[in-house]
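Right, one structure below, let's go through it.
The values are calculated or read from the model by the stated rules, or taken from the named source; none is laboratory data. Treat the numbers as computed from the prediction; the structure is a model and nothing was measured. Every residue, glycine among them, receives a Cβ derived from its backbone with ideal geometry; neighbour counts consider all protein chains shown. The accessibility values were calculated without ligands, DNA or RNA, using every heavy atom of the protein model including side chains. Shrake-Rupley method; radii C 1.70, N 1.55, O 1.52, S 1.80 Å.
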Amino acid sequence: MSRRVVLSVAAGVVVLLGAGAFALAYAGDQPPALAHSTARYAAPDGDRDGSLTFTTDVTTSSDVKSVKVLAWPANSSFAKKGLTAKDMTAAESAVCKPSGGDTERCTYKVAVTSADADGSPQGLWHVAVLATGKDGGTTLDTKAADFTVV
């Protein structure tokens, strides 16, 4: 091989390695991504408690540190002032389990008693979720899913 060909191939390899390292570094800086978020509300019936179940898939290259969940009525003060990550600090945590690759399936389930339902506003509710990766990256979705209380 000529010297010119060898130098061209070497330069190409250096460029490709540099681009690959940049892509890996950039991918590591991505905040958690949420997908397939759903909420299911079942009202209490007689002596039987109801439930609220929320699930979401969280994808992050640094593993999931925590997922906080907060259900809030659409006509609450959060609708006017907006919900912040600070508001989510006292929210309850979802349970996350690996579901393939960099993705974890996170589920939050809570019982709803007749007293809970009677004291809650009827109508549209939203579920907010704050996902935090082990690298500190966060994603807040204030309306990840909706459900209706009747």
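With every protein chain left in place, what is the accessible area of Asp135 in Å² (1.4 Å probe, nearest 10)?
Around 80 Å² of this residue is reachable by solvent.
Taking amide H positions as placed in the peptide plane 1.01 Å from N, state which residues far from Asp63 in sequence (5 or more) or on other chains have amide H under 5 Å from it.
Amide H to amide H, under 5 Å and 5 or more residues apart or across chains, Asp63 pairs with Lys134.
With a cap of 15 neighbouring Cβ atoms within 10 Å, and only residues DSSP puts in a loop, list the trypsin sites (Lys or Arg not before Pro) found in segment 83-150.
Values: sites: Lys86, Arg105, Lys109, Lys134, Lys143; in loops: Lys86, Lys134.
Here the trypsin sites (Lys or Arg not before Pro) that fit, given the DSSP loop and packing criteria, are Lys86, Lys134.
What lysines could a cross-link reach from Lys134, if we take a straight Cα to Cα line under 20 Å and drop same-chain neighbours fewer than 8 places away?
By straight Cα distance, Lys134 reaches Lys65, Lys68, Lys86, Lys97.
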